[in-house]
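Notes follow once the structure below has been shown.
The values are calculated or read from the model by the stated rules, or taken from the named source; none is laboratory data. The structure presented is a predicted model; accordingly, all values stated were derived computationally and were not measured. Here the Cβ positions follow ideal geometry from the backbone for every residue, glycine too, while neighbour counts run over all protein chains shown. Ligands, DNA and RNA are excluded from the accessible area calculation, which covers all protein heavy atoms including side chains. Shrake-Rupley method; radii C 1.70, N 1.55, O 1.52, S 1.80 Å.
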Amino acid sequence: MSRSLLFVPIAATLLAVACRGGGSDAVPPSLPGSYAYAGKGSTFKKPWEFSARPEPTPNKRFTLTLDKTIEGHRDPTETATGTYAVSGDHLELHEGRGPLHSTRDLHKLVISADSLIAEVGWTAELFLKGVGAPNVVFVKERQG
């Protein structure tokens, strides 16, 4: 058997795996919905509030809205959209059209019962503690 004939089934298998939803595991039925995180505090005597709402859908897309108020001045709501992948107990948010076309950082979250826990580096964790913000845990909002 020539090498080119052996390469064809291997290439077909790799292509099938790559097209299988971007290498993502199946979406757990309990995952889609609206989640919320809110924090408020004061840094250098300047009060602040921050809230974020990721909303993953069954078709592996998401919308993330961010609201923040600093010293009583509310900034316009920011919205990001993109795709996500599920890998074991992790949710990977890719802003933009997809993982290969992402224009921004990848956001990783741990899927845990009715919440999504952000995986932040130790420097971000120290910063959050320094400004008095709670751990970044998005809690699923109840429907109905």
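Of note:
- 10 Å binning of all Cα-Cα separations within the stretch 26-132, expressed as whole percents from 0 upward: 13, 41, 33, 11, 1
- Accessible surface computed residue by residue for the stretch 25-73, with neighbouring protein chains in place and a 1.4 Å probe, gives 60 Å² per residue.
- Dipole magnitude of the stretch 39-93 about its Cα centre (Cβ charges: Lys, Arg +1; Asp, Glu -1), debye to nearest 20: 140
- With the highest mean first, a sort of the peptides 67-74, 49-56, 32-39, 134-141 on other beta-carbon atoms found within 10 angstrom per residue produces 49-56, 32-39, 134-141, 67-74.
- Accessible carbon and sulfur surface of the stretch 26-88 relative to its total accessible area, %, 1.4 Å: 57
- Net charge of neighbours whose Cβ lies under 12 Å from the Cβ of TYR35, counting Lys and Arg as +1 and Asp and Glu as -1: 0
- Straight-distance candidates among the lysines for linking to LYS46, with alpha-carbon spacing under 30 Å and chain neighbours fewer than 8 residues away dropped: LYS68, LYS108, LYS129, LYS140.
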